[in-house]
Amino acid sequence: MIPVARPELGEAEWRALREVVESGWVAQGPRVEAFERALAARCGAAHGVALSSCTAALHLALVVAGVGPGDEVVVPSLSFIATANAVRHAGATPVFADVDAGTQNLTAATIAPLLGARTRAVIVVHQAGMPADVAPVHALCDPLGVAVVEDAACAIGSVYRDAPVGGHSDLVAFSFHPRKVLTTGEGGMLLTSREDLAVRLRRLREHGMSVSASERHRSDRVVLEQYLEPGFNYRMTDLQAAMGVVQLDRLDGLVARRRALADAYRERLAALPGVRVPQDPPHGRTNHQSYWVVLPDDAPADRDDLLARLHARGVSCRRGIMAAHLEPAYAGTASAPLPVTEHLTRRSLILPLHHALTAAEQDQVVDALAAELHAAPAPRAAAHAAQA
Ligand SMILES: *Cc1c(COP(=O)(O)O)cnc(C)c1O
């Protein structure tokens, strides 16, 4: 079975973990600080605040942006559900915006009609690593005092306007879940270039404490902490961060490999009529965190059927990006029509893409898809024949 994704882990991660275990300090400490500095430097931001997940990062981003009960936050429905959930965690209401069919991302044009007196923030997602066009969103939102948060869960190593994703907004959230390009098992990070936000985020992730546990440990005198506001336990561990530092060294190689594999898919899939594949937008370059394809409307098999058939041929695929407004969790949330979102979520699927994927495996994936798209009985053709 060809897996849809596989993290790239090796001896270097083992060594890094062993060092942490032998150091005796396994919770948030010096490795977390090192990982924060390295990622911030890599992505062009002044500060990194490591957290237990990207979901925690999105939640804290909204808290420090001043989002609370009674506020609205514009988000794409077409995203992993954590994007919408973070709005709920902050006590606010998600307002679902439609996406651009090409990038699968929000645009200033899809956001604009939804901005109102209660809008406090917008979360722009770089879906599957595809960079969103963030500058026009800032041009729209900044004059209105609406905060722009970037959900870059999938976008480590993606490029927007010739610079890495991560330095274009005050709050940019990354994930290190194993389905993303870099992994720490679980983990997340917020990048910011605002010192005041970094200070408050560090406090909030650690129970609202005035000094961190590692600062107290390093001090040569007794330090009594204060709890300045109700906080959370959203800390990353030094075990996770040590892996993160090693993984970050792999980033350029991982992205280059994914882009080469994506080029190979694009060439081969061009033979399948009507199958649409991801393309770099004019404003940036994707890291191809996930390789999604959109099926033609007249595909002979239903998407879910196709997933089962591909599985039977030894190819593990996944449905495309989900749509939160179609899930029971958001059944009660009012929403404007989202035709592009609904089309994409129903007609797209994710093909296997990971560092170790071979050319032969890619052939097997494309051959399986080609066979299923052409060989399955076409209901419309059969109906036509019956009439004739
Ligand atoms: C994976 C993902 C998240 C959640 O990340 P976690 O680190 O698992 O909390 C949020 N948003 C998007 C778009 C994602 O793909």
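The values are calculated or read from the model by the stated rules, or taken from the named source; none is laboratory data. This structure is a prediction, so every number in the text was calculated from the model and none was measured. Cβ sites come from the backbone with ideal geometry, for glycine too, and all protein chains shown count toward neighbours.
Evaluate the following for Gly102: is it in contact with a strand residue (DSSP E or B) (Cβ under 7 Å, 6 or more places away or on another chain) and surrounded by fewer than 16 Cβ atoms within 10 Å (Cβ to Cβ)?
So Gly102 does not fit the description; no.
Report yes if some residue within the stretch 296-306 is more than 30 Å from Arg15 (Cα to Cα) and touching a Cys at 6+ places or on another chain (Cβ under 9 Å); otherwise report no.
yes
Would you please list the contacts, defined by Cβ atoms under 6 Å and residues six or more apart or on different chains, that run from a residue in the stretch 3-19 that is buried (at least 16 other Cβ atoms within 10 Å of the Cβ) to a residue that is among the β-branched types (Val, Ile, Thr) and assigned to a helix (DSSP H, G or I)?
Glu13/Val246; Ala16/Val246
Can you report the number of residues in the stretch 169-198 which are over 13 Å from Phe35 (Cα atoms), more than 9 Å from the ligand (Cβ to nearest atom), of a type outside the set (S, T, N, Q) and crowded, with 18+ Cβ neighbours inside 10 Å?
Here the count works out to 6.
Just the residues that are away from the ligand (no atom under 12 Å from the Cβ), more than 13 Å from Leu251 (Cα to Cα) and surrounded by 24 or more Cβ atoms within 10 Å (Cβ to Cβ), please, taken from the stretch 141-168.
Val165, Gly166, His168
Just checking, does the stretch 63-83 include any residue being within 16 Å of the ligand (Cβ to nearest atom) and acidic (Asp, Glu)?
no
Return the residues of the stretch 110-140 that are aliphatic (A, V, I, L, M) and either within 13 Å of the ligand (Cβ to nearest atom) or free of Cβ contacts under 8 Å to residues at least 12 places away in the same chain (or both); say none if nothing qualifies.
Result: Ala117, Ile123, Val124, Val125, Ala128, Met130, Ala132.
Within the stretch 209-247, track down each residue that is over 32 Å from the mean Cα position of the chain (by Cα) and under 22 Å from Gly24 (Cα atoms).
If the condition is that a residue be over 32 Å from the mean Cα position of the chain (by Cα) and under 22 Å from Gly24 (Cα atoms), then Arg216, His217, Arg218, Ser219, Asp220, Arg221, Val222, Val223 are the ones that fit.
Can you tell me which residue is nearest to Val149 (Cα to Cα) among those in the stretch 44-67 that are among the hydroxyl-bearing types (Ser, Thr, Tyr) and in a loop (DSSP other than H, G, I, E, B)?
Top of the filtered list is Ser53.
Taking the condition of being in contact with a helix residue (DSSP H, G or I) (Cβ under 9 Å, 6 or more places away or on another chain) and in a helix (DSSP H, G or I), how many residues in the stretch 331-366 meet it?
Here the count works out to 11.
Among the residues in the stretch 68-91, are any of a type in the set (Phe, Trp, Tyr), surrounded by 22 or more Cβ atoms within 10 Å (Cβ to Cβ) and not in a helix (DSSP H, G or I)?
Looking for residues that are of a type in the set (Phe, Trp, Tyr), surrounded by 22 or more Cβ atoms within 10 Å (Cβ to Cβ) and not in a helix (DSSP H, G or I), one finds none in the stretch 68-91, hence no.
When you check Ala262 against the structure, is it assigned to a helix (DSSP H, G or I), on the phi < 0 side of the Ramachandran plot and in contact (Cβ under 8 Å) with a residue 12 or more places away in the chain, yes or no?
yes
Of everything in the stretch 242-279, what is loosely packed, with under 12 Cβ neighbours inside 10 Å and touching a strand residue (DSSP E or B) at 6+ places or on another chain (Cβ under 6 Å)? Give them in sequence order.
Within the stretch 242-279, no residue meets the criteria.
Please tell me if Pro230 is more than 30 Å from Pro136 (Cβ to Cβ), within 16 Å of the ligand (Cβ to nearest atom) and at pLDDT 95 or above.
Criteria not met by Pro230.
When you look at Leu190, is it without any contact (Cβ under 8 Å) to a residue 40 or more places away in the chain and either under 30 Å from Tyr291 (Cα atoms) or in contact with a Lys or Arg (Cβ under 7 Å, 6 or more places away or on another chain) (or both), yes or no?
Taking the combined requirement at face value, the residue does not satisfy it.
Only one residue in Val211, Val165, Val159, Val181 is among the hydrophobic types (A, V, I, L, M, F, W, C), closer than 22 Å to Leu353 by Cα and touching a Leu at 6+ places or on another chain (Cβ under 9 Å), so which one is that?
Unique residue meeting the criteria: Val181.
Consider Ala41 carefully, then state whether it is surrounded by fewer than 24 Cβ atoms within 10 Å (Cβ to Cβ), more than 12 Å from the ligand (Cβ to nearest atom), not in a loop (DSSP other than H, G, I, E, B) and not hydroxyl-bearing (Ser, Thr, Tyr).
yes
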